[in-house]
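Asks: The structure under discussion is supplied below as structure tokens; questions concerning it will follow.
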Amino acid sequence: MDSSIFSCNVSSYDHPTFLLTGFPGLEASHHWVSIPINLICLISILGNSTILFLIRTDPSLHEPMFIFLSMLVASDLGLCASTFPTMVQLFWLGARELPIDLCAAQMFFIHAFTYVESGVLLAMAFDRFVAIKDPLHYASVLTHSTMAKIGAAVLVRAVVLNVPGPILLRRLDFPPVSVLSHCYCLHCDLVGLACSDTKINSFFGLVSILLSLGIDSTLIVVSYVLILRTVLGIASPEERFKALNTCVSHLCIVLIFYMPKLGLSILHRVEKHTYPALAVLMANLHFLVPPFMNPIIYCIKSKQIRQGLLRRFWQKRVETS
């Protein structure tokens, strides 16, 4: 299907409409497709909400690592809230139309929460480095005040880098009706549908990504190089394994967060038009998998989280009995 229904010879249109795209060729089965997608979204919301509530109410989890985890969980919930409504609208209700104002708002929140999650992952990498490099001064380096400043900086950066996006989008001309590549609105997708000059928008998008995901991913790699260098300097093999084991959860989440982005980027440039359904599937997994897997990974790998859940469950059983 063409990217737009009306050609770009339309000089200007004040209220363009965008059409969400599901799985090409499976339109008749969207109700069935929506079942696993909705189930993943609901489990993600329930799992992340449980982890956030547990960290907030359990004093034993008020440590830097878990406070950063609560920030990650909050960004995952924000990402679910940003993408879930249009997925339900398309797959369950069959409604494709989305006005430009709602599309621009969704675009802002999706990218903002993505940048927040990336920034928190970098903060968690720094947390692991400090814990392994200088455990005696860990508590004095990562104080509550320091973590609050880090969280505020991550949030401010995400907002500042994304506020210009919707503003610059308003200066573009769009056909009356355009077809999006996904079931949600992304900056690169909207810019590609515009009829007018998009050089400023494209430049802003590139700078925004480089100043967020680009810097974060580079510094995360540097952090793990320094962590590995520190661990190799530990004489005892048991202590080496113990130190590396504290990084497994974070490393898994980093890979889950960045690998789908890399795969989707490659797919868009190589085989997007050859396998459109695969491109849509990858795009959906790109936003669905991290919020779904993060609570599972930390429940499996973190003894403190498991013990906290068991205490809550046992307390609930005692109260009901």
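Asks: Identify, from the list L168, L172, the residue that is modelled with pLDDT under 95, open to solvent by less than 50 Å² (accessible area, probe 1.4 Å) and not in a helix (DSSP H, G or I).
Replies: Unique residue meeting the criteria: L172.
Asks: Next question. Please state which one of V156, V88, V179 is over 24 Å from V248 (Cα atoms), hydrophobic (A, V, I, L, M, F, W, C) and modelled with pLDDT of 95 or more.
Replies: V156
Asks: Looking for whichever is on the phi < 0 side of the Ramachandran plot and surrounded by fewer than 21 Cβ atoms within 10 Å (Cβ to Cβ) here; the options are L46, L72, L90, L79. Which one fits?
Replies: L46
Asks: Would you be able to tell me the number of residues in the range 222-238 that are closer than 17 Å to V130 by Cβ and either open to solvent by 50 Å² or more (accessible area, probe 1.4 Å) or part of a helix (DSSP H, G or I) (or both)?
Replies: Matching residues across the range 222-238 total 11.
Asks: Moving to a separate point now. Using beta carbons and a limit of 8 Å, which pairs, at least six apart or on different chains, have the first residue in the range 133-148 and over 14 Å from H62 (Cβ atoms) and the second one outside any helix (DSSP H, G or I)?
Replies: Cβ pairs passing all conditions: V141/D134.
Asks: Output yes when any residue across the range 142-163 is closer than 30 Å to G22 by Cα and of a type in the set (G, A, S), and no when none is.
Replies: yes
The values are calculated or read from the model by the stated rules, or taken from the named source; none is laboratory data. Remember, predicted model here, so these are calculated numbers, not experimental data. Every residue, glycine among them, receives a Cβ derived from its backbone with ideal geometry; neighbour counts consider all protein chains shown. The accessibility values were calculated without ligands, DNA or RNA, using every heavy atom of the protein model including side chains. Shrake-Rupley method; radii C 1.70, N 1.55, O 1.52, S 1.80 Å.
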